[in-house]
């Protein structure tokens, strides 16, 4: 083995016991990978290109699409490397940085979904002041705040990973690096790294979900007070896309957390599948949801297709 076990690279795994089928398994993963890149990339292009989409709601949607792209670009290269090339080794620095971006972007996405809920709250509860409250400067402030909260709050535990010696097994149970997996390999007191994430998730993701739920209770109260059935339906329709994205994100977060905390007797393959669902399903579905429910995006998409058709 290595003369200095602490400096030995970590070994990523794909689907243990199914190594012979990795090339076949890579086909749906690659299809989802390309779909995520095309879907979110197209969404970003449409919002940039169409001036009618230069509104707070679509600015937040662009931030969500950008975050989903970063999550996918952070995780999938090592996944495809394992499935395609059996490239399993990853050095400590690259592993810790991957974990840093994965966990940071999860908190960022939660913050952006919260900002989008605020957008819908103002649009329905106080529509006459919508443009004066959600100015471009305020939208930018909310976006920068969501990114800073995510990238700064996760730093303490990632910095801890750099300082730990590693003398246990260097094999990780995924094809990418997660903090909770890496810290278990450390030969050191990891109490802080165990407790800090629990507090952090409670103060960010869990609290965000509660605030979003409360905001929709208030939104529903306002909508039910609208006398016109057509206007009620129209108001609710503007929220459906965001509600869909919220449910997809938080249900997968809760599912993955539940499996990690209480699924000791659950087969390892279920842990692995849930991790991939968490990192790939929201980035795949978010553009689809908004494309189906938002006429401006549908129009922009068809216009882009027609331009490509005539361009050829």
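Summary table below
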| item | result |
| --- | --- |
| Qualifying position, being over 23 Å from the mean Cα position of the chain (by Cα) and in a helix (DSSP H, G or I), among 21, 65, 31 | 21 |
| Any hit, segment 24-33, residues being at pLDDT 90 or above, over 30 Å from residue 213 (Cα atoms), surrounded by fewer than 22 Cβ atoms within 10 Å (Cβ to Cβ) and in contact with a strand residue (DSSP E or B) (Cβ under 8 Å, 6 or more places away or on another chain) | no |
| Subset of segment 22-41 (residues that are within 19 Å of residue 248 (Cβ to Cβ) and touching a residue at least 24 places away in the same chain (Cβ under 8 Å)) | 29, 32, 33, 35, 36, 37, 39, 40 |
| Residue match in segment 187-199 (condition: in contact with a strand residue (DSSP E or B) (Cβ under 7 Å, 6 or more places away or on another chain), assigned to a loop (DSSP other than H, G, I, E, B) and surrounded by fewer than 13 Cβ atoms within 10 Å (Cβ to Cβ)) | yes |
| Verdict on residue 275 being within 23 Å of residue 69 (Cα to Cα), touching a residue at least 40 places away in the same chain (Cβ under 8 Å) and crowded, with 17+ Cβ neighbours inside 10 Å | yes |
| Odd one out for residue 220, checked against (1) in contact (Cβ under 8 Å) with a residue 24 or more places away in the chain; (2) more than 30 Å from residue 158 (Cα to Cα) | (1) |
| Selection status of residue 130, at pLDDT below 95 and under 23 Å from residue 184 (Cα atoms) | no |
| Residue that is surrounded by fewer than 18 Cβ atoms within 10 Å (Cβ to Cβ) and within 23 Å of residue 150 (Cβ to Cβ), where the choices are 137, 99, 65 | 137 |
| Checklist (1) in contact with a helix residue (DSSP H, G or I) (Cβ under 8 Å, 6 or more places away or on another chain); (2) surrounded by 13 or more Cβ atoms within 10 Å (Cβ to Cβ); (3) assigned to a helix (DSSP H, G or I) applied to residue 266, failing item | (3) |
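The values are calculated or read from the model by the stated rules, or taken from the named source; none is laboratory data. Since this is a predicted model, take the numbers as computed values, not measurements. Positions of Cβ are generated from backbone atoms using ideal geometry, with glycine treated the same way; all protein chains shown enter the neighbour counts.
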